[in-house]
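The values are calculated or read from the model by the stated rules, or taken from the named source; none is laboratory data. Everything quoted here is computed from the prediction, not taken from an experiment. Backbone-built Cβ (ideal geometry, glycine too); neighbour counts: all protein chains shown. What goes into the accessible areas is simple: the full protein's heavy atoms, side chains included, and nothing from ligands, DNA or RNA. Shrake-Rupley method; radii C 1.70, N 1.55, O 1.52, S 1.80 Å.
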Amino acid sequence: MQRIDSWQQYLDLKAEAKARGLTLSNLYFLPGQARQKIDAGRLYCRRDPAGAGWLLLDESGGFYRCYYQLAPQTPCAPVQLDRDAVIELPFRGGLGPAQQPELEQIARMGFALGRESARMERPAAGLPDSPPDPPGVSVGPAQPDRQAEIAALLDASFDRLYSFLPDGAELAGRIAAGQVLAAVGQDGRLLGVLNSSCGHNTACIDQLAVWPDARGRRVGAALAAAYHRLYAGRVRSFGHWVDLHNAPALALYRRFGYQLTPKRANEYVLRLPATPSSPGAHAPAET
């Protein structure tokens, strides 16, 4: 495995991929993001010993997020890595013959389906009236002194391989910008949190989580309502990704007028034998 130390080295890899006809690719991140990863020393290249192509490995929070350039004709060899890894395969509608060569190569490398995600969206106009906060619950912008509590709730609620959880610096920036909402009980305990982002006239819920013993009290709905109030008048639409098998999350968002779109993204995981194999090892979250 070789670390990519320069932008030119990255460009040379892409040129080699084109020359070799490596047509299967999920290399969808923007050039600016690749530069950031290279500058941070996070990007590695692993060539397939069978000659089927290569993986770009983004070292991300104790695991690898994988991007690939592969040949559809040459079968990949199984991948041996020093930590868990995940490959994301975006597509529209159902998986069909166009994706079959990629799915076969991903399976040959040893990755298995972990999560099936879908995009939900709704226009910013015509939002339903916000319900009042539940009794004994206060919802508002998260305060900086709650960062550790918020991080603990997110870590307990989501598998990092799937969820693009913010690191400490990113979470601090989101809190300072007012993009993180907290639901707090009368005793001052953090009950739930919503982490959001905004870009291209669209607001997005990145994570929404409620501690298991606080569920059933409309905490998630109160956080979602506060989120919509936060961005109303500032964006044209709301959208986010949701686990297709998370029925409570789907029901919550549908109550706010969200509809599923044809956009899908499946995550395929490779876990070390010594780690828990089930993505359900964490407490189920609301989204």
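Among Gln73, Gln80, Gln69, which is under 30 Å from Pro262 (Cβ atoms), open to solvent by 10 Å² or more (accessible area, probe 1.4 Å) and in a loop (DSSP other than H, G, I, E, B)?
That would be Gln73, the only listed residue that is under 30 Å from Pro262 (Cβ atoms), open to solvent by 10 Å² or more (accessible area, probe 1.4 Å) and in a loop (DSSP other than H, G, I, E, B).
May I ask you to list the residues in segment 235-261 that are more than 21 Å from Phe164 (Cα to Cα) and either assigned to a loop (DSSP other than H, G, I, E, B) or open to solvent by 60 Å² or more (accessible area, probe 1.4 Å) (or both)?
Once the filter is applied, which keeps residues that are more than 21 Å from Phe164 (Cα to Cα) and either assigned to a loop (DSSP other than H, G, I, E, B) or open to solvent by 60 Å² or more (accessible area, probe 1.4 Å) (or both), segment 235-261 yields Val235, Arg236, Arg254, Arg255, Phe256, Gly257, Tyr258, Gln259.
Taking the residues in segment 175-189 that are open to solvent by less than 20 Å² (accessible area, probe 1.4 Å) and in contact with a Gly (Cβ under 9 Å, 6 or more places away or on another chain) as candidates, determine which candidate is nearest to Tyr231 (Cα to Cα).
Among those that are open to solvent by less than 20 Å² (accessible area, probe 1.4 Å) and in contact with a Gly (Cβ under 9 Å, 6 or more places away or on another chain), it is Leu181.
Ala172 versus (1) crowded, with 22+ Cβ neighbours inside 10 Å; (2) outside any strand (DSSP E or B); (3) of a type outside the set (Phe, Trp, Tyr): which is the lone unmet condition?
It fails just one condition, (1).
Looking at segment 206-234 only, could you name the residues that are surrounded by 22 or more Cβ atoms within 10 Å (Cβ to Cβ), closer than 20 Å to Leu171 by Cα and in contact (Cβ under 8 Å) with a residue 40 or more places away in the chain?
Listed by number, the residues that qualify are Gln207, Leu208, Ala209, Val210, Gly220, Leu223, Tyr227.
Consider Phe29 against the criteria (1) within 23 Å of Glu104 (Cα to Cα); (2) within 25 Å of the chain's Cα centre (by Cα); (3) surrounded by 15 or more Cβ atoms within 10 Å (Cβ to Cβ): it satisfies all of them except one. Which criterion is unmet?
Condition not satisfied by Phe29: (3).
Residues are listed down the side, and each one gets a yes or a no for (1) without any contact (Cβ under 8 Å) to a residue 60 or more places away in the chain; (2) in a loop (DSSP other than H, G, I, E, B); (3) surrounded by fewer than 15 Cβ atoms within 10 Å (Cβ to Cβ); (4) within 20 Å of the chain's Cα centre (by Cα):
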{"site": "Arg119", "(1), (2), (3), (4)": "no, no, no, yes"}
{"site": "Leu127", "(1), (2), (3), (4)": "no, yes, no, no"}
{"site": "Ala152", "(1), (2), (3), (4)": "yes, no, yes, yes"}
{"site": "Tyr162", "(1), (2), (3), (4)": "no, no, no, yes"}
{"site": "Leu165", "(1), (2), (3), (4)": "no, yes, no, yes"}
{"site": "Leu191", "(1), (2), (3), (4)": "yes, no, no, no"}
{"site": "Leu194", "(1), (2), (3), (4)": "yes, no, no, yes"}
{"site": "Cys204", "(1), (2), (3), (4)": "yes, no, no, yes"}
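Regarding segment 109-126, can at least one residue be identified that is charged (D, E, K, R) and more than 28 Å from Gly233 (Cα to Cα)?
Within segment 109-126, one or more residues are charged (D, E, K, R) and more than 28 Å from Gly233 (Cα to Cα).
Give the residues of segment 46-66 that are assigned to a strand (DSSP E or B) and surrounded by fewer than 17 Cβ atoms within 10 Å (Cβ to Cβ), sorted by residue number.
If the condition is that a residue be assigned to a strand (DSSP E or B) and surrounded by fewer than 17 Cβ atoms within 10 Å (Cβ to Cβ), then Arg47, Glu59 are the ones that fit.
Tell me whether segment 85-97 contains one or more residues that are surrounded by 14 or more Cβ atoms within 10 Å (Cβ to Cβ) and farther than 30 Å from Pro262 by Cα.
The answer is no; no qualifying residue exists.
So, of the residues in segment 57-84 that are touching a helix residue (DSSP H, G or I) at 6+ places or on another chain (Cβ under 8 Å) and among the hydrophobic types (A, V, I, L, M, F, W, C), which turns out to be farthest from Tyr268 (Cα to Cα)?
By that ranking, first place goes to Ala71.
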